[in-house]
Amino acid sequence: MTTTLYKKARIYTPVDEGRARGGKKQGQLACFPDGALLVEDGTVAALGPYETVLRARSGQPPDAEIDCGNKCLVPGFVDPHTHLCFAATREAEFDLRLAGTPYLEILKRGGGILSSVQAVARASEQFLADVTLERALTALRHGTTTLEIKSGYGLDQDNELKMLRAIRQAAARSPQDIVATFLGAHAIPEVYRGRSDDFIALLIHEVLPLVKEEGLADACDIFCEEGVFSIEQGRRLLRAAQGLGFRVKLHADEVHDLGGAALAAELRALSADHLLAAHPDNLQRMAAAGVVATLLPVTAYSLKKPFAKARQMINQGLPVALATDCNPGSSYCESMVFAFGLAVLLMDLTPAEALTAATLNGAYALGLADRVGSLDVGKQADFLLLDGESPSILPYHAGVSSVQEVYKKGRRVV
Ligand code: NIG
Ligand code: FE
């Protein structure tokens, strides 16, 4: 067993009490200004004031001691919502949106998600794995030690499975924990136009069982939106997925309030994501059902939309998580640091609330909080050293990343 003591660190971490933290608890952190973190074989063995941690070792010196130079030490970021397995960027569409064409209008004309579907259809599994890994490593340099990646640019059996296998390959080559989500219901493929019920039936009866059989995804997601999939279709697909043992989540109430948040509560989903247009009553239902609100501020920023009402959600007791939503359409951004900055400066989260959102609540949104998301004894030693005194450095030092060193399972990876 090797033990390493990281000392002279200003440690800030949410504390895991067995559920995602909302309300007043979202902003409560454990802080140790002269802190030490003891890592044993990649796992957190102790943390607290330096003297206390040393005493807990009853005089036994660790194998190594590392002086953190009074830098801030926080848990690695958990990004619970990305689409970073894609084949090509969409600059032309970005220009169209800048000129005033709405996001959903571009999709209606066969662009948007559907143009990414064409690019994925032309790409090999190997190419997709390589570009996915490259983007995951960019996220790692910005402090993301655990992330979710969705399929959803395949929209047919072969291409959805190709994406999921590419994600699996990227996961095997990255130091991060990467979990895959099946998002076959991301858009209605051209050949199913006007027959979206048939497409949902295909996913339920043909594709989902194969995804299960090959163990290619942990969760199932759907884009419920006007002109895309209805709440009823979401209920049908996600219930079937639950029947096969998948966890479920959804893209809910992003542009229109269809009641996605209420469906998430009904199904006790891991999370409901976006929620820009969600009704407060349905948010209350989510809070009661223990569903995490995963907010994607970079998407609102990129689409020039008003941000989700994060302040109101937290005040309602709803646990908020932050994610990048990294994708080639509505949010081309791998950086949780940027999402963190937007959350603090434009959504009125405190830096402490944003830290909980970017770490522990994201871990709950992935069902991985038993292993990651906070510096609690027994969890993986996934942590970051920031070039500053407190997590406030992240939004305060704008336009750059204050993440200086990244550790995954106790090993320095950046
Ligand atoms: O979460 N809203 C749907 N899906 C993605 C966008 C995907 C794309 O435009 O390629 C999102 O914003
Ligand atoms: Fe998304």
Quick test for you: out of Ala310, Ala323, pick the one residue that is among the small types (Gly, Ala, Ser) and within 16 Å of ligand 1 (Cβ to nearest atom). Ala323
Using beta carbons and a limit of 6 Å, which pairs, at least six apart or on different chains, have the first residue in the range 250-278 and under 20 Å from Val298 (Cα atoms) and within 15 Å of ligand 1 (Cβ to nearest atom) and the second one among the aromatic types (Phe, Trp, Tyr) and not in a loop (DSSP other than H, G, I, E, B)? His251/Phe223
Looking at (1) within 16 Å of ligand 2 (Cβ to nearest atom); (2) more than 22 Å from Val131 (Cβ to Cβ), which one does Arg57 not meet, given that it meets all the others? (1)
The one condition Glu225 fails out of (1) out of contact with any Phe, Trp or Tyr (no Cβ under 9 Å at 6 or more places or on another chain); (2) within 30 Å of Gly42 (Cα to Cα); (3) not aliphatic (A, V, I, L, M) is (2)
Residue count for the range 213-229, restricted to those that are buried (at least 17 other Cβ atoms within 10 Å of the Cβ) and either among the polar types (S, T, N, Q) or over 21 Å from the mean Cα position of the chain (by Cα) (or both): 2
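Conditions tested, residue by residue: (1) closer than 18 Å to Thr138 by Cα; (2) touching a Gly at 6+ places or on another chain (Cβ under 9 Å); (3) not aromatic (Phe, Trp, Tyr).
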| position | (1), (2), (3) |
| --- | --- |
| Ser335 | yes, yes, yes |
| Leu346 | no, no, yes |
| Asn361 | no, yes, yes |
| Ser374 | no, no, yes |
| Pro395 | no, yes, yes |
Filtering the range 85-137 down to residues that are under 17 Å from Ser331 (Cα atoms) and of a type in the set (Lys, Arg), which residue is surrounded by the most Cβ atoms within 10 Å (Cβ to Cβ)? Arg90
Count, please, the residues in the range 205-226 that happen to be under 12 Å from Ala180 (Cα atoms) and in contact with a helix residue (DSSP H, G or I) (Cβ under 7 Å, 6 or more places away or on another chain). 4
Inside the range 33-127, counting only helices (runs of 4 or more DSSP H) that do not spill past its ends, which hold 1 or more residues that are touching a strand residue (DSSP E or B) at 6+ places or on another chain (Cβ under 7 Å) and under 30 Å from Gln404 (Cα atoms)? 50-56
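Could you tell me how many of the residues in the range 142-182 are in a strand (DSSP E or B), among the acidic types (Asp, Glu) and away from ligand 1 (no atom under 14 Å from the Cβ)?
The number of residues fulfilling the criteria is 1.
Each reported figure results from applying straightforward, stated rules to the coordinates on display, with no laboratory input. Treat the numbers as computed from the prediction; the structure is a model and nothing was measured. Cβ: placed from backbone, ideal geometry, glycine included. Neighbour counts: every protein chain shown.
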